[in-house]
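The values are calculated or read from the model by the stated rules, or taken from the named source; none is laboratory data. Everything quoted here is computed from the prediction, not taken from an experiment. Please note: Cβ atoms are built from the backbone with ideal geometry, for glycine as well, and neighbour counts cover all protein chains shown. The accessibility values were calculated without ligands, DNA or RNA, using every heavy atom of the protein model including side chains. Shrake-Rupley method; radii C 1.70, N 1.55, O 1.52, S 1.80 Å.
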Amino acid sequence: MTGLAVLAAVAAFAWAVPLLAGADPNRQNLTAILAAPSWAEPLGTDHLGRSMLARLAAALRLSLSLALLGVLSAAVPGVLLGIAAGWRGGWVDRGLGVLADTVLALPGLLLVLLLTALAPGTLWTLYVGIALVLWVEYFRVVRATTRTLAGSPQIEASRLLGFGPAYILRRHLWPEIAPVVLTLAAFGAATAILAIAALGFVSVGVRPPTAELGLMMTELLPYYDEAPWVLLQPILAVFLLVLSLNLLAGSRKP
C-alpha cells in the first residue's frame, strides 16, 4: 500500500501540474535564474530561469510513459513466447531458447547505446532498447513455469474433457503466471526508469531542452553549491519512483 500510494502521488503530480499550473517547461526567464522556491514558483527555477515545477512534472511524465511502454512491449511478447516454448517444447522451445540466449549475451546497456547511436536524441531508441532488454526475463520465467504446469493433473484433466488451449490458459496457466509477471513488471519499470536517467546523465539519451530526470541532474550539477534544492529535486523524483515500484514488486508473492 505504501508503494502504491507513493507511485500514485508521483503520477498525480506529473499529470496534474500541466492542468493546474499550465507553465511551459521550456520557457526561459533570465531575470529569475536559480530563484528560490516561492509562491509563484513553488519549486524555484533552474539555471536558465525555467520553472522547476513544470520541468519536473514533464520529466516524470516522460520517465513513467517510457517505462510503461517498455514494460508492456517486453511483457506481451515475452509472456506469449514463454508460453509457446513451455507448452510446445521440442524445436519451438530450442529455437526460442537460442534467440533469448543470444539477446541475453549482449549487455543491455550496450544494446541501448547502439540504438541511441543510430538515432541520437530520439525517444524511440530508448523505448525499443528497453523493450529488447527486458523481454528475455519474462520469456525465461514464463517458459519455466509453463513447462512445470503443462504436465499437472488439472491441465491433463482439462485436456481429457476436451477444453481447448484458450480455456486452459485462462483457467490454469494465467492465474499461476500472473503474480510472477506483475512482479517482473514492477522491477522492470524500476530498471527502465534508472536506465533512462543514467543515459540522460551521461548525455546519451534525449537532448536539451527536453525535460528528463537524468539530463536535469547533469545540467544542474554545476550549481549545487549555489542552489542545492534544484539538484535534489530530480534525484528525489528518481528515488521515489524506484522505491515505490520496488515496494510494489516486493508485496507480490508468486
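Below, the figures for the structure above:
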item	result
Degrees between helix 2-20 axis and first principal axis of the chain (Cα, 0 to 90, nearest 10)	50
Heavy-atom accessible area per residue - the range 136-254, 1.4 Å, Å²	50
Rg to Rh quotient for the chain, alpha carbon positions, Kirkwood Rh	1.09
Cβ-Cβ FRET estimate between S152 and D24, R0 fixed at 41 Å, reported to 0.05	0.10
The chain: angle of helix 228-251 to the longest principal axis, Cα-based, in degrees nearest 10	20
Global form of the range 102-250, assessed from the alpha-carbon gyration tensor, a/c cut-off 1.5	prolate
Size of charge dipole - the chain - debye, nearest 20, with Cβ of Lys, Arg +1 and Asp, Glu -1, no other charges	960
The range 111-192: relative contact order as a whole-number percent, Cα under 8 Å and 6+ apart	28
Max mean-square fluctuation residue, GNM over the chain, Cα-Cα springs under 10 Å, options Y167, Y224, Y138	Y167
Helical contribution to [θ] at 222 nm, DSSP H n ≥ 4, -39,500 (n - 2.57), averaged over the chain, rounded to 500	-24500 deg cm²/dmol
Binned Cα-Cα distance frequencies in the range 1-133 - 5 Å width, integer %	2, 9, 12, 13, 13, 13, 12, 9, 6, 4, 3, 2, 1, 0
Carbon plus sulfur fraction of accessible area for the range 1-251, probe 1.4 Å, in percent	71
Cα-only radius of gyration and Dmax that characterise the range 160-207, units Å	18.9, 59
Choice from L104, L118, L241 with maximal GNM fluctuation in the chain (Cα, 10 Å cutoff)	L118
Length-normalised contact order for the range 1-251 - Cα pairs under 8 Å, 6+ apart - percent	26
List D93, D46, ordered by accessible area with a 1.4 Å probe, largest first	D93, D46
Ratio of Rg to Rh over the range 187-243 (Cα coordinates, Kirkwood Rh, two decimals)	0.98
Residue with peak Gaussian network fluctuation, the chain [Cα springs, cutoff 10 Å], from G151, G108, G129	G151
Rounded if a/c under 1.5, otherwise prolate or oblate - the range 91-150, Cα gyration tensor axes	prolate
Most to least accessible of S73, S244 (protein chains only, probe 1.4 Å)	S73, S244
